[in-house]
Amino acid sequence: MMIPFGMWQPDFPPVGAPHLVRAENCLPTIASYEPFKSLTVLTNALDARCLGAVAARDKDQAAHMYAGNSTKLYELEGFTWTDRTKTGGYGPAGDSTRWNFATFADRLIATNGIDDPQYIDMSTAATAFDDLAGSPPAAKFVASFGNFVVLGALAT
């Protein structure tokens, strides 16, 4: 038999009322509450500690997820992290180094303050990141504003 609980109304007085003042670790259903489901592993793990991740959309609004560790950049394909590291790799980076990402048109730009800024074209079948054209300096931060890409905390 299910015990009926009233609506969650934390602002009402708790004495003598047919409602809940406190509801923890549960989700509302039609007539009651049920516990949260347990955590489930959906993807394989990166081969080292994640030092930055981003979700982005390409020009066709398809979603992409990217992540980086001290020596590699990855793209999530289905439920598997696929290595998209440029030839030669990166770093190695220390624990305080983080990958930062920004989108510009259909490109995702990645910086970590150690290596040259990287990019990947999200809507093509690009198999790896590559150095950003024009030889920009290594930078810790990247952002895009309209038609501009800005790098911050330059290494030079």
State which residue pairs qualify: first residue modelled with pLDDT under 80 and inside region 22-42, second residue loosely packed, with under 10 Cβ neighbours inside 10 Å and assigned to a loop (DSSP other than H, G, I, E, B) in any location, beta carbons under 6 Å apart, and separation of 6 or more residues or different chains. SER32/MET2
Taking region 58-82, which residues are surrounded by 13 or more Cβ atoms within 10 Å (Cβ to Cβ) and either out of contact with any Leu (no Cβ under 8 Å at 6 or more places or on another chain) or at pLDDT below 85 (or both)? ASP58, THR71, LEU73, GLU75, LEU76
For LEU46, only one of the following conditions fails: (1) under 18 Å from the mean Cα position of the chain (by Cα); (2) open to solvent by 70 Å² or more (accessible area, probe 1.4 Å). What is its number? (2)
Residue check, ALA155 without any contact (Cβ under 8 Å) to a residue 60 or more places away in the chain and surrounded by fewer than 18 Cβ atoms within 10 Å (Cβ to Cβ): yes
Cβ pairs under 7 Å, 6+ apart or interchain, first in region 68-96 and closer than 19 Å to ARG57 by Cβ, second part of a loop (DSSP other than H, G, I, E, B) and among the basic types (Lys, Arg), ordered by first then second residue, are LEU73/ARG84; TYR74/ARG84; GLU75/ARG84
Kindly list the number of the only condition in (1) within 17 Å of THR71 (Cβ to Cβ); (2) outside any strand (DSSP E or B) that fails for THR127. (1)
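Let's see how each residue does on (1) touching a Pro at 6+ places or on another chain (Cβ under 6 Å); (2) farther than 27 Å from GLY146 by Cα:
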{"position": "MET65", "(1), (2)": "no, no"}
{"position": "THR71", "(1), (2)": "yes, yes"}
{"position": "THR80", "(1), (2)": "no, yes"}
{"position": "ASP83", "(1), (2)": "no, yes"}
{"position": "GLY88", "(1), (2)": "no, yes"}
{"position": "GLY91", "(1), (2)": "no, yes"}
{"position": "GLY94", "(1), (2)": "no, yes"}
{"position": "ASN100", "(1), (2)": "no, no"}
{"position": "PHE104", "(1), (2)": "no, no"}
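The values are calculated or read from the model by the stated rules, or taken from the named source; none is laboratory data. Source: prediction; values computed, not measured. Quick reminder, even Gly has a Cβ in these numbers, built from the backbone with ideal geometry, and neighbours come from all protein chains shown. These area figures cover heavy atoms from the full protein model, side chains too; ligands, DNA and RNA do not enter into them. Shrake-Rupley method; radii C 1.70, N 1.55, O 1.52, S 1.80 Å.
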